[in-house]
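Student: First the structure, which I've put down as structure tokens, then a few questions once you've had a look.
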Amino acid sequence: MIEVVVTSLEMKTRPDTAAPRAPREGVQILHAQRPTVSFYRYLYNTVGREWLWIDRRKMGDEALATLIQDAKVEIHVLYADGVPAGYVELDRRKPAEVEIAYLGLIPEFIGQGLGPYLLWWGIGRAWSSGPDRVWLHTCTLDHPKALSMYKSAGFVPFKTEIKHEPDPRALGLL
């Protein structure tokens with residue numbers, strides 16, 4: 001078992017700050033409309049492996065396809081020089097709110113200023129539909145700078161939980 005501290009954060013007003021420009025040439029974000037399960041699994045598994053992401057690994061292909069191809073779920077892929085570098089997933093299925101369900105970078109792209117850029121881009125996209133709030137959660141298994149990055153972007157913690165979860169490495173899920 002591993003202890004995980006989960007922090008849920010929210011933003012109830014759109015930030016006044018404009019999203020920063022891409023940190024370098026060759027960076028773009030594209031909407032993956034109706035992504036295939038195999039492409040989504042590549043993103044999720046590659047981004048999440050180091051942080052022990054397993055929730056979507058446990059889903060069957062049909063259930064995952066239904067979720068990621070829902071018209072109210074958006075997958076936006078960050079590319080650097082034509083190569084997938086990370087993604088942000090926005091979930092608009094609950095009225096008046098948007099959850100940033102997943103956000104992360106492929107390991108080789110960490111440390112290049114792409115994480116804050118992707119977050120700010122995702123915040124702007126989340127607010128584009130005029131929700132009452134945008135929210136997300138992070139945990140102690142995520143990148144060590146994740147919580148401080150979210151707070152510096154204007155997210156405010158509203159709930160903290162301590163969970164004890166089976167170690168996915170011991171279960172053979174990674």
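The values are calculated or read from the model by the stated rules, or taken from the named source; none is laboratory data. Since the structure is predicted, the reported quantities are computational estimates derived from the model, not experimental observations. So basically every Cβ, Gly included, is an ideal-geometry build from the backbone, and we count neighbours across all protein chains shown.
Student: Filter segment 60-87 down to residues that are of a type in the set (Gly, Ala, Ser) and within 18 Å of the chain's Cα centre (by Cα) and give me whichever is nearest to GLU25 (Cα to Cα).
Tutor: Quick first cut of segment 60-87, residues of a type in the set (Gly, Ala, Ser) only: 60, 63, 65, 71, 80, 82, 85-86.
Cutting the leftovers down to within 18 Å of the chain's Cα centre (by Cα) gives us 65, 71, 80, 85-86.
Values: ALA65: 33, ALA71: 31, ALA80: 8, ALA85: 14, GLY86: 16 Å.
Ranking the qualifying residues of segment 60-87, first place goes to ALA80.
Conditions (1) over 26 Å from PRO166 (Cβ atoms); (2) among the hydroxyl-bearing types (Ser, Thr, Tyr); (3) surrounded by 20 or more Cβ atoms within 10 Å (Cβ to Cβ); (4) modelled with pLDDT under 95, marked per residue:
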| residue | (1), (2), (3), (4) |
| --- | --- |
| VAL6 | no, no, no, no |
| ARG24 | yes, no, no, yes |
| ASP55 | no, no, no, yes |
| ASP81 | yes, no, no, no |
| PHE109 | yes, no, yes, no |
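Student: Is it fair to say GLN69 is within 22 Å of PRO23 (Cβ to Cβ) and among the polar types (S, T, N, Q)?
Tutor: So GLN69 does not fit the description; no.
Student: Follow-up. For segment 147-171, what are the residues that are surrounded by 14 or more Cβ atoms within 10 Å (Cβ to Cβ) and either assigned to a loop (DSSP other than H, G, I, E, B) or in contact with a helix residue (DSSP H, G or I) (Cβ under 7 Å, 6 or more places away or on another chain) (or both)?
Tutor: If the condition is that a residue be surrounded by 14 or more Cβ atoms within 10 Å (Cβ to Cβ) and either assigned to a loop (DSSP other than H, G, I, E, B) or in contact with a helix residue (DSSP H, G or I) (Cβ under 7 Å, 6 or more places away or on another chain) (or both), then MET149, ALA153, GLY154, PHE155, PRO168 are the ones that fit.
Student: So in segment 111-143, with the set limited to residues that are within 16 Å of TYR87 (Cα to Cα) and of a type in the set (Ser, Thr, Tyr), which one is surrounded by the most Cβ atoms within 10 Å (Cβ to Cβ)?
Tutor: For segment 111-143, the residue satisfying everything is THR138.
Student: For segment 1-59, which positions are part of a loop (DSSP other than H, G, I, E, B), under 18 Å from VAL73 (Cβ atoms) and among the charged types (D, E, K, R)? Write out each step before concluding.
Tutor: Of the residues in segment 1-59, the ones part of a loop (DSSP other than H, G, I, E, B) are 1, 12-26, 32-36, 52-59.
Going one step further and asking which of them are under 18 Å from VAL73 (Cβ atoms), we end up with 32-36, 53, 55-59.
Correct list: ARG34, ASP55, ARG56, ARG57, LYS58.
Residue-wise test of (1) more than 27 Å from PRO168 (Cα to Cα); (2) touching a residue at least 60 places away in the same chain (Cβ under 8 Å).
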{"site": "VAL5", "(1), (2)": "no, yes"}
{"site": "ALA19", "(1), (2)": "yes, yes"}
{"site": "PRO23", "(1), (2)": "yes, yes"}
{"site": "VAL37", "(1), (2)": "no, no"}
{"site": "TRP51", "(1), (2)": "no, yes"}
{"site": "ALA63", "(1), (2)": "no, no"}
{"site": "ILE75", "(1), (2)": "no, no"}
{"site": "ASP81", "(1), (2)": "yes, no"}
